[in-house]
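One structure below.
Read the figures in this text as sums done on the coordinates, not as results from a lab. These numbers come from a predicted model, not from an experiment. Note: ideal-geometry Cβ built from the backbone for every residue, glycine included; neighbour counts use all protein chains shown.
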Amino acid sequence: MNARKRIAIGICTVTLAAGLGGGTGTAAAAPAQATVKASCPSGALCLWQDSDFRGRRLVFRDTGYWQYLNRYGFSHSVSSYWNRRGDDAAFLSHSGRKICIDGSERNGRMGGWNDQVKAVYLARTGSNC
């Protein structure tokens, strides 16, 4: 192949690659979000600092006691969660309210509980709340 054909093929390849991956639409963001959600391991409760499963993440597996988030610099920080444990979990708010989280529940936007979680409790069964 002569040099002129190699250059033409190289330009086409670069143009094609730039056209496929260079857009700024939401299609590029969707796979990243799916990857973040999938990053919560089975058998764990994951908490994220930002809504829609973004930002800093904590992963909990220990059961049977309240785990206070200030120990991890995460108090007033939970904005989304995914309970992949199969067993219930509970959240304790700074005002003392408790809420039960089902064993396969996830929530990307926590409404009135946003940034209110003080501690988490991982139950040992699916009916502990």
*Binned Cα-Cα distances of the stretch 43-129, short to long, each 5 Å bin given as a whole percent*: 3, 17, 29, 29, 17, 4, 0
*Taking neighbour counts of Cβ atoms within 10 Å as a proxy for exposure, in what order, fewest first, do V120, V59 appear?*
V59, V120
*Tabulate in residue order the Karplus-calculated ³J(HN,Hα) for the stretch 112-124, using 6.51 cos²θ - 1.76 cosθ + 1.60 with θ = phi - 60°, rounded to whole Hz; enter x for Gly and Pro.*
x, 8, 4, 6, 10, 6, 9, 8, 10, 10, 9, 6, 8
_If neighbour count is taken as other Cβ atoms inside 10 Å, put W113, W82, W66 in order from fewest to most._
W66, W113, W82
